[in-house]
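Step one of this worksheet: look at the structure below.
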Amino acid sequence: MRAKDYENSIRYYQKHIAYVTQEWGEDWVEPDAFLNLSIAYYENNQFDKMPAELDRALQYYQNKSADTKYYYALYEQEQGNTKKALEWVKAGIEDFYLGNSKKKRICRRNQTTVCRNAL
């Protein structure tokens, strides 16, 4: 997705998820695939398709994913649901500090953890 070719990214993730699901079952699909598909939907302005993939990502992340909750907040913001968006942001920050994020704490200074690039 770094090339910003979101339409091809969407097709790739849809195909990957369908293949793994057909061969071994949905629970064998990496949760990142669902999250990345929802991110591609977001970047391609296909907001209505995000919730299903975010729900599946959270299901397989066992509801522990700062990144997924961040994108749920972006989805809610796009829908005009500022209050729900803020709730997702707070939940995502909590997950981040619990270590449930792709970005981990980066440095330690004087026995105090300093985090950059939180969400």
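Please treat every number below as a calculation from the coordinates, not as lab data. Computed from a prediction, not measured in an experiment: that's the story for all the values here. With ideal geometry, Cβ positions are generated from the backbone for all residues, glycine too; neighbour counts draw on all protein chains shown.
What the pair-distance distribution of region 6-114 shows, using all Cα-Cα distances binned every 10 Å from zero, is 15, 41, 30, 12, 2, 0 percent.
Selection among G25, Y12, N81 by position relative to the dipole of region 6-114 gives N81 as farthest towards the positive end (Cβ unit charges, Cα centre). When you restrict to C-alpha pairs under 8 Å that are six or more residues apart and normalise by the size of region 6-114, the relative contact order lands at 18 percent. This ranking places R11, R56 by how few other beta-carbon atoms lie within 10 Å of each, fewest first, which gives R11, R56. Phi angles across region 63-71 convert, under the Karplus curve 6.51 cos²θ - 1.76 cosθ + 1.60 with θ = phi - 60°, into 3J(HN,Hα) values of 6, 10, 7, 4, 5, 5, 5, 4, 6 Hz, Gly and Pro given as x.
Across region 6-17, coupling constants 3J(HN,Hα) worked out from phi with the 6.51/-1.76/1.60 Karplus curve, θ = phi - 60°, read 5, 5, 5, 4, 4, 4, 4, 5, 4, 5, 4, 4 Hz, and Gly and Pro carry x.
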